[in-house]
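Some notes on the structure that comes next.
The values are calculated or read from the model by the stated rules, or taken from the named source; none is laboratory data. All of these numbers come straight from a predicted model, not from anything done at the bench. Here the Cβ is made from the backbone with ideal geometry for all residues, glycine too, and neighbour counts use every protein chain on show. Protein only, heavy atoms only, side chains kept; ligands, DNA and RNA dropped before computing areas. Shrake-Rupley method; radii C 1.70, N 1.55, O 1.52, S 1.80 Å.
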Amino acid sequence: MTKNILEWLEASCLKHPNKIAVADETAEMTYAELVKDAKILGTTLATYIQPRQAVAMYMEKSNTTLAAMYGAVYAGGFYSLIDTRQPIGRIEKILEVLSPNVILSNERFYEEAREKLGSTANIVKVEDIIREGIIDENMLAGIRKQAASTDPLYVNFTSGSTGVPKGVVVGHGSVIDFIPEFVKVSGICADDRIANQAPFDFDVSVKDIYSSIYVGARVELIPREFFSNPTHLMDFLCDHQVTVLTWAVSAMCFVSIMNGFGYRNPETIRLVMFSGEVMPIKHLNIWMKNCPKAEFINLYGPTEITCNCTYYRLENREYNADEIIPIGSAFDNEKVFLLSDENKLVDTPNESGEICVAGACLALGYYHDGEKTAAVFVQNPLNTVYYERMYRTGDLAKYNEQGELVYIGRKDFQIKHLGHRIELGEIESLVQGRSGVVRACAIYDHNKKRIYLFWLGERDQKELHNELKVVMPSYMVPNKLVHLDEMPMTKNGKIDRAVLKKMEGIE
């Protein structure tokens, strides 16, 4: 029985040690080199931490960063990547929650880490450790012997409603449970080249990282700055002959908005999987038209359930502007169901309920926050005979007539306006189906009782507003339209609603 993800890494290394495991913009690293560097780092890190303790990492993604992540696991600990571009105030809050004894950095960020974080923990340079080249196999074997599948593997921080970031703790067992099923659904194999878009502190990257070592594939790390330069991005995809994309919706929209396919078409792509937000139909159609041989899969799931809990295979056709792409059905060994406000099972088509998830996929909870953990990781109210932990996602969905789940929106994006319950996501979908509209985001001002629509595109605003009065009920028509030249995005590639609210003084 597999109890530690390092078993996958070592198995792939044993099978093809000289195969490239990961490549960044400066170098390639074979499976043998990856394991060696990880063991060197693990040997030193074990002198700083006890089993099941944190190793914080202050550096951008790279081959060496990936080795450091595995090094933290070899040391018996877990890793947590810190985005170097986020405000120092947020970094301090993360470190306060994480309370690490050691912070790994690299040549590029080491001095910055010492200046910003010097009083927090021991700050160690990755290159210095690797240069020493010490591996203590006996110590590493002893650490592995006491390991369990319930040990934490990583902590990813998401936004917290109180302003304090929430550290989602995901264990080895959850990744070991999910990845084989994800690989089965996607068909990822050893011959694939996976183009990694997401930063390592975002759980979309978990699918790239662990699918690759599970099957012995190759990961190509796309430099972050390429997602502001479409020609560099398309050259990268073509020149590296990538076959698999597991991207955030915003990254895909960047390509279609910037007419990336008009410059160059990556013909080797065979699989495109997307998640994070609802995929706008017009952008989906652009991708499907330009990648006619590729399979497209819509993925759904929050960080708290280890990446994704449902998937939907799209038909190879052009979709109508008003079609809604389902989030589909559950991965094997994941229980996904809908609950009403009264905690009753919802299974009638077109009746909405909150998406709840149970199974081995669930995160261990929030790091150093038992109160928040207890609020959303709860006993399944449908089970009165034994303890069954489930996670309340806060997302609303319904079943269509085919029995497939269809995402509606966030519970907190459901508003009561003019006596009607309205999903802001429904407004966004209708607006994004209009010609000349690229992206849209609806926000409600509860004090002024007004719906604001922020949008990108070339459409005449008055003309768009008049059309919305025709295609949606009067109580859903936005009270104010705000045209933008660029949609603000969070570091995880989602629309930054807080910035939009600030623009219009919405509380």
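Please give the length that would be gained between Ala321 and Asp191 if that part of the chain were fully extended, namely 0.36 nm times their separation in residues minus their C-alpha to C-alpha distance (nm, one decimal). Mind showing how you got there, number by number?
Values: separation 130, 0.36 × 130 = 46.80 nm, distance 3.56 nm.
Taking Ala321 through Asp191 to full extension adds about 43.2 nm, to one decimal.
Counting Lys +1, Arg +1, Asp -1, Glu -1, what net charge surrounds Glu304 among other residues with beta carbon under 10 Å of its beta carbon? In short, +1. Local charge for Ala23 was computed over the other residues whose Cβ lies under 10 Å away, with Lys and Arg +1 and Asp and Glu -1, and equals -2. Against the chain, whose longest principal axis is taken from its Cα atoms, helix 31-45 shows a tilt of about 80°.
Exceeding 32 Å between C-alpha atoms, which entries from my cross-link table qualify? They are Lys39/Lys335; Lys372/Lys449; Lys344/Lys502; Lys116/Lys184.
Result: Lys39/Lys335; Lys344/Lys502; Lys116/Lys184 exceed 32 Å.
Give me the percent of DSSP beta bridges within the chain that run antiparallel, rounded to the nearest 5.
So the antiparallel bridges amount to about 60 percent of the total.
Electrostatic tally near Val126: other residues with Cβ closer than 15 Å to its Cβ, Lys and Arg +1, Asp and Glu -1, net -3. Stretched out straight at 0.36 nm per residue, the stretch from Val471 to Lys289 would grow longer than its current Cα-Cα span by 62.8 nm. Once you divide the Cα radius of gyration of region 359-507 by 2.2 N^0.38 Å, the number left is 1.27. At a probe radius of 1.4 angstrom, the accessible area of the chain per residue rounds to 42 square angstrom. Taking amide H positions as modeled 1.01 Å from N, with prolines and chain starts lacking one, the residues under 5 Å from Val482 and 5 or more places away or on another chain are Leu453, Phe454, Trp455. Computed from label points 7 Å out along Cα-Cβ, the spacing between Gln146 and Lys416 is 5.5 nm. Of the peptides 84-93, 401-410, the ranking by mean beta-carbon count within 10 Å, highest at the top, reads 401-410, 84-93. Using the alpha-carbon positions of region 363-444, Rg (one decimal) and Dmax (whole number) come out as 17.3, 55 Å. Normalised by residue count, region 432-507 yields a Cα convex hull volume of 94 Å³ per residue.
Peptide packing: for 35-46, 485-496, 178-189, the average count of neighbouring Cβ atoms within 10 Å per residue gives the ranking 35-46, 178-189, 485-496, highest mean first. Take every DSSP beta bridge whose two residues both sit in region 56-173; close to 40 percent of them are antiparallel. A Förster distance of 22 Å, applied to the separation of the beta-carbon atoms of Arg114 and Gln86, puts the FRET efficiency at 0.80. Of interest is the spacing of the C-alpha centroids, which for region 449-507 and region 73-123 amounts to 37 Å. Each peptide in 273-286, 226-239, 66-79 gets a packing score, the mean of other Cβ atoms within 10 Å over its residues, and the list from highest to lowest is 66-79, 273-286, 226-239. Taking each DSSP H run with n ≥ 4 as -39500 (n - 2.57) and averaging over every residue of the chain yields -9500 deg cm²/dmol at 222 nm.
Per-residue Karplus couplings for region 47-61, computed as 6.51 cos²θ - 1.76 cosθ + 1.60 with θ equal to phi - 60°, are listed in order as 7, 9, 10, 9, x, 6, 10, 7, 10, 7, 10, 10, 5, 7, 5 Hz, Gly and Pro entered as x.
Binning all Cα-Cα separations of region 142-286 at 10 Å, short to long from zero, yields these whole-percent fractions: 10, 36, 34, 16, 4, 0. Which residues among region 157-196 fall inside the zone where the amide N is under 13 Å from a point 7 Å beyond the Cα of Arg389, along Cα→Cβ? Zone members listed by number: 169-175. For Glu7 and His240, the difference between the fully extended length at 0.36 nm per residue and the C-alpha to C-alpha distance is 81.1 nm. Averaging the sequence gap over all C-alpha pairs within less than 8 Å and six or more residues apart, then dividing by the number of residues, gives region 20-65 a relative contact order of 41 percent.
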